[in-house]
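A short worksheet on the structure shown next.
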Amino acid sequence: MQNISHDCGYAQTEPALWVDRIFPADTTDKPPLVLVHGGGHTGSCYLQKPDGGNGWAQKLAGLGYPVHVIDWPGMGRSGRVDYPDLTGDFVCKTIGAFIETLSEPCVLLTHSMSGAYGWRLVQNFGRRIKAVVGVAPSPPGNIQDQPEILEEGDGYVVVKRGAFERRVDLEKPTPFYVDLVENKLIGDGDRFPREFTDEYKASLTGTPPRLAYERANIAGSQLKVTNTAPFTDKPILVVTADHDCDHTQDIDGAVVSWLREIGAAVQFCYLPDEGIAGNGHMMLLEKNSDEIAEIIAQWLDKTLAH
């Protein structure tokens with residue numbers, strides 16, 4: 001493990017993205033990593049675990065990778081965006097503009113809801129992305145089913161998507177309701193530090209209305225890939241845990257199959273196949289998160305050396 005340095009500030013994007021930069025102290029020839037959080041979170045989920053320990057950002061920097069942790073536009077400390085303007089397409093354009101500011105092509109690491117953003121970013125900025133790591137990644141709209149609508153009211157809709165019913169607020173951010181926090185994000189695995197559940201809940205935020213609407217794929221609104229050429233031979237790793245009921249081996253395996261069909265050089269890392277069991281959706285915050293980060297770094301080292 002190398003010594004690391006940490007600084008932060010606003011990127012030269014419009015709106016300005018907040019970026020935490022965690023770099024190895026020594027010179028490295030490894031490409032920069034851009035870490036993109038999922039819904040209801042900010043970039044802080046890569047910086048600190050609920051128990052106060054260091055996150056994936058510090059771990060990956062210690063393994064020699066320059067790391068850039070961003071907050072989505074309109075989220076966390078990034079520049080404000082009016083809710084009607086804050087769409088998945090807008091998020092991708094802003095993140096892509098940030099990627100363009102880097103001195104060399106990056107590795108893009110997405111988690112959960114940002115998975116669909118990663119696929120769009122490969123389409124639109126593929127020449128600036130050397131590889132992608134999708135951690136329990138959302139699928140593109142190309143292969144995501146539209147949800148069953150259970151109820152519609154003034155300013156909200158309730159849908160059945162995956163294993164859970166979800167209320168989507170149409171004019172204000174949708175919070176992570178208690179059942180989703182406990183049963184989706186934390187789940188029934190044994191790796192989450194449950195004694196720090198309150199600290200974790202306090203870190204969560206609402207998902208802006210249009211982004212929540214698109215994630216549910218209401219009216220077929222999830223981002224789609226329309227040009228698959230940039231995926232040809234693109235190295236992609238999909239990482240899935242065994243106690244993530246919204247991202248089972250079959251569900252994430254369908255994303256892997258789609259990526260393979262469009263020509264990506266994709267590898268599926270189902271953690272039990274690596275001897276790692278008990279993890280849930282928030283594997284990056286769990287007790288053995290360093291072990292999973294090491295698997296990702298080993299894949300990158302091997303893949304990018306070719």
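Laboratory data are not the source of any read-out in this text; all were calculated from the coordinates shown. Keep in mind the model is a prediction, meaning the values are calculated, not measured. Reconstructed Cβ throughout: ideal geometry from the backbone, glycine too, with neighbour counts over all protein chains shown.
The table below gives the values:
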read-out: Extension gain (nm, one decimal) between Asp301 and Ala163, 0.36 nm per residue minus Cα-Cα; value: 46.1 nm
read-out: Count of Lys pairs (Cα-Cα under 14 Å; at least 8 positions apart or interchain) in the chain; value: 10
read-out: DSSP beta bridges in the chain [antiparallel fraction, %, rounded to 5]; value: 50
read-out: Extension gain, Glu195 back to His6 (0.36 nm per residue minus Cα-Cα distance, nm); value: 65.2 nm
read-out: Normalised convex hull volume, segment 72-115, alpha-carbon set, Å³ per residue; value: 88
read-out: GNM result for the chain, Cα springs below 10 Å: residue of Asp233, Asp198, Asp242 fluctuating most strongly; value: Asp198
read-out: Rel. contact order, % - alpha carbon contacts under 8 angstrom, at least six apart, the chain; value: 18
read-out: Hypothetical label at Asp89: residues of segment 1-45 whose amide nitrogen lies under 19 Å (7 Å Cα-Cβ projection); value: 14-15
read-out: Stokes-Einstein D (µm²/s) once Rh is taken as the Kirkwood radius of segment 141-240 over alpha-carbon pairs, at 20 °C in 1.002 mPa s; value: 136
read-out: Lys, Arg +1 and Asp, Glu -1 on Cβ, resulting dipole of segment 85-141 about Cα centre, debye, nearest 20; value: 160
read-out: Choice from Gly155, Gly62, Gly134 with maximal GNM fluctuation in the chain (Cα, 10 Å cutoff); value: Gly155
read-out: Rounded, prolate or oblate (a/c below 1.5 giving rounded, otherwise prolate when a/b exceeds b/c) for segment 167-302 by Cα gyration tensor; value: oblate
read-out: Computed over the chain, the ratio Rg/Rh where both radii use C-alpha atoms and Rh is Kirkwood; value: 0.93
read-out: Simple Cβ-charge dipole of the chain, Lys/Arg +1 and Asp/Glu -1, about Cα centre, in debye nearest 20; value: 800
